[in-house]
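**Q** Once you've had a glance at the structure underneath, I'll fire off some questions.
The values are calculated or read from the model by the stated rules, or taken from the named source; none is laboratory data. Nothing here was measured: the structure is a model prediction, and the numbers come from that model. Ideal geometry is used to build each Cβ from the backbone, glycine not excepted, and the neighbour counts take in all protein chains shown.
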Amino acid sequence: MSPQEVGFDIPIGRITALRMGEAKGPKVLALHGWLDNAASFIPLAGQLPHLDLVMLDLPGHGRSAHLGPGAEYTLSVALNAALDVADALGWDWFALLGHSMGAGIASILAASVPERIERLVAIEALGALAESTERTTQRLREGMAASRALSGKQLRVFKDLAAPIRARMQANQLSECSARLLVERGVIERDGGYVWSSDPRLTLPALQRFTEAQIHQLVTGIECPTHVVFADPAQSYLPEPLRSQRAALLPHGHLTVLPGSHHLHMDDPRAVAAAIRGFI
C-alpha cells in the first residue's frame, strides 16, 4: 500500500498531504510533530489499513507552502489549516491522530470544536507546552530578538542526503529508516545539494505560552473519547508526573505507556498500532 500525494488550496496557501488506507474507512486526520512532515505516519499507516488516513504537511513543513512575508506561525494558523483541509475533504465529523506538536495541536483542536471531532489519539503530547507567568517578559524579549536576527541567516546546504539523515538520527534517536522517510520529504534541491524545506521561521521561539492551569482547563474540555500514548522514558518537555496528571484530566481518556523513544510510532509502529487499533 503506497501513499497517495494530495494537496489542498486553502486561504494561507497550498497544504500537501499523503493519503493511505481504505476510502470508506473511518476518517482520520494526522498531524505530525515539529519540523517533521506527513511521512512521519507512513509506518503506522501501514499497520492500520482500515482507516482513511490523511497525513498533513502542516503549514511551512514538508512540501506545504510557507506563510507569506511578515506572517507568523501561530497555534491559530495550524488549527485553521487542519479545519480548512477537513472542509475541503467534506469531513464534518472525523478523528484526529497527532504526534508531539501535532498531538498538542490536535488536543487543542478537539477542545475547540467538539462538534467536529469524533475521537482523538495523542502520541507523546497532550495540550501545549506550558510556562509560568514569571517567564512572560523574558520569553517576549527572547522571541523578538530571535525574530529580528533570523533574516540574515543562510540555509545549510548538504551535498547529499547522508548528512541530514545522520542529523535526524542523532537529534531524535531515530532509526536510519525512519530518519530517511522524514528527510526525503523534508529537503529540496538547491545550489547543487539539499536544504531543509521547512520554513526557517518555524525555529523561532513562541512569543507567549499557556500556563499549566490553562492547559488543564483545555484538557478537561476535550469531550471526545481520547487515547493517549506516551513513550517510556518520558521526554524532558513533558516529564512525569506532569504528563500523567494531564491525561487523568480527560473526561473520556485512556492512557497507554510503551517502551521506546519519542518517535515510537515510526520506530515501533506495530506496538503503537496494537495499542490503538481497537480504539480508532
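**Q** Residue by residue through segment 214-226, note down the ones that are among the aliphatic types (A, V, I, L, M), touching a Pro at 6+ places or on another chain (Cβ under 8 Å) and either loosely packed, with under 14 Cβ neighbours inside 10 Å or not in a loop (DSSP other than H, G, I, E, B) (or both).
**A** First, pick out the residues of segment 214-226 that are among the aliphatic types (A, V, I, L, M): 215, 218-219, 222.
Pick out the ones that are also touching a Pro at 6+ places or on another chain (Cβ under 8 Å) and you get 222.
Result: no residue meets the conditions.
**Q** Go through (1) assigned to a strand (DSSP E or B); (2) surrounded by 20 or more Cβ atoms within 10 Å (Cβ to Cβ) and name the single condition G62 misses.
**A** So the condition that G62 fails would be (1).
**Q** Just to check your reading of the model, which residue among G70, G62 is touching a strand residue (DSSP E or B) at 6+ places or on another chain (Cβ under 9 Å) and on the phi > 0 side of the Ramachandran plot? Please lay out each step first, then the result.
**A** Values: G70 fails: touching a strand residue (DSSP E or B) at 6+ places or on another chain (Cβ under 9 Å).
Criteria check complete, one pass: G62.
**Q** Here is a follow-up. Filter segment 137-165 down to residues that are without any contact (Cβ under 8 Å) to a residue 12 or more places away in the chain, under 15 Å from P200 (Cβ atoms) and assigned to a helix (DSSP H, G or I), then give me how many there are.
**A** Step one: of segment 137-165, the residues without any contact (Cβ under 8 Å) to a residue 12 or more places away in the chain are 137-138, 141, 145, 148-149, 151-152, 154, 162-163.
With under 15 Å from P200 (Cβ atoms) added as a condition, the list becomes 148-149, 151-152, 154.
Checking which are assigned to a helix (DSSP H, G or I) leaves us with 148-149, 151-152.
Qualifying residue count for the region: 4.
**Q** A further question follows. Report the residue count in segment 109-127 for those that are part of a helix (DSSP H, G or I) and surrounded by 24 or more Cβ atoms within 10 Å (Cβ to Cβ). Step through it out loud before you land on a result.
**A** As a first pass, look at segment 109-127 and keep what is part of a helix (DSSP H, G or I): 109-112.
Okay, now just the ones that are also surrounded by 24 or more Cβ atoms within 10 Å (Cβ to Cβ), so 109-110.
Within segment 109-127, residues that are part of a helix (DSSP H, G or I) and surrounded by 24 or more Cβ atoms within 10 Å (Cβ to Cβ) number 2.
**Q** For V229, indicate whether it is of a type outside the set (S, T, Y), in contact with a Ser or Thr (Cβ under 8 Å, 6 or more places away or on another chain), touching a residue at least 40 places away in the same chain (Cβ under 8 Å) and part of a strand (DSSP E or B).
**A** On the way: of a type outside the set (S, T, Y): yes; in contact with a Ser or Thr (Cβ under 8 Å, 6 or more places away or on another chain): yes; touching a residue at least 40 places away in the same chain (Cβ under 8 Å): yes; part of a strand (DSSP E or B): yes.
The answer is yes for V229.
Listed here are the residues, each with its yes/no results for (1) farther than 30 Å from D191 by Cβ; (2) aliphatic (A, V, I, L, M); (3) within 22 Å of the chain's Cα centre (by Cα).
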residue	(1), (2), (3)
W93	yes, no, yes
S100	yes, no, yes
A106	yes, yes, yes
L109	yes, yes, yes
P114	yes, no, yes
R119	yes, no, yes
A130	yes, yes, yes
A145	no, yes, no
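**Q** Kindly indicate whether R190 is more than 28 Å from G98 (Cα to Cα) and either exposed (fewer than 15 other Cβ atoms within 10 Å of the Cβ) or touching a residue at least 12 places away in the same chain (Cβ under 8 Å) (or both). Can you show your working first?
**A** Numbers: more than 28 Å from G98 (Cα to Cα): yes; either exposed (fewer than 15 other Cβ atoms within 10 Å of the Cβ) or touching a residue at least 12 places away in the same chain (Cβ under 8 Å) (or both): yes.
Criteria met by R190.
**Q** Follow-up. Can you name every residue in segment 63-118 that is more than 24 Å from W196 (Cβ to Cβ), hydroxyl-bearing (S, T, Y) and in contact with a Leu (Cβ under 6 Å, 6 or more places away or on another chain)?
**A** S107
**Q** For segment 41-58, does any single residue satisfy the condition of being touching a strand residue (DSSP E or B) at 6+ places or on another chain (Cβ under 6 Å), in a loop (DSSP other than H, G, I, E, B) and surrounded by 14 or more Cβ atoms within 10 Å (Cβ to Cβ)? Break it down into steps so the answer makes sense when it comes.
**A** Of the residues in segment 41-58, the ones touching a strand residue (DSSP E or B) at 6+ places or on another chain (Cβ under 6 Å) are 41, 45, 49, 51-57.
Now restrict to residues that are in a loop (DSSP other than H, G, I, E, B): 49, 51, 57.
Narrowing further to those that are surrounded by 14 or more Cβ atoms within 10 Å (Cβ to Cβ): 51, 57.
Among the residues of segment 41-58, at least one is touching a strand residue (DSSP E or B) at 6+ places or on another chain (Cβ under 6 Å), in a loop (DSSP other than H, G, I, E, B) and surrounded by 14 or more Cβ atoms within 10 Å (Cβ to Cβ), which makes the answer yes.
**Q** Hey, P239 hits all of (1) part of a loop (DSSP other than H, G, I, E, B); (2) within 18 Å of the chain's Cα centre (by Cα); (3) within 16 Å of S100 (Cβ to Cβ) but one; which does it fall short on?
**A** So the condition that P239 fails would be (2).
**Q** Which residue out of R156, R135, R190 is charged (D, E, K, R) and modelled with pLDDT of 95 or more?
**A** On the way: R156 fails: modelled with pLDDT of 95 or more; R190 fails: modelled with pLDDT of 95 or more.
The conditions single out R135.
**Q** Give just the number: which of (1) over 27 Å from D267 (Cα atoms); (2) without any contact (Cβ under 8 Å) to a residue 40 or more places away in the chain; (3) surrounded by 13 or more Cβ atoms within 10 Å (Cβ to Cβ) does E134 not satisfy?
**A** The failed condition is (3).
**Q** Same structure, new question: From the list G46, G60, G68, G25, pick out the single residue that is within 14 Å of the chain's Cα centre (by Cα) and among the small types (G, A, S).
**A** G60
**Q** Filter segment 169-187 down to the residues that are modelled with pLDDT of 95 or more and within 22 Å of L150 (Cβ to Cβ), then identify the one that is surrounded by the fewest Cβ atoms within 10 Å (Cβ to Cβ).
**A** Looking at the filtered set, the residue picked out is V187.
**Q** Here's a follow-up. Quickly run through segment 119-156 and pick out the residues that are closer than 20 Å to F279 by Cα and touching a Pro at 6+ places or on another chain (Cβ under 8 Å).
**A** Hits for segment 119-156 are R119, L120.
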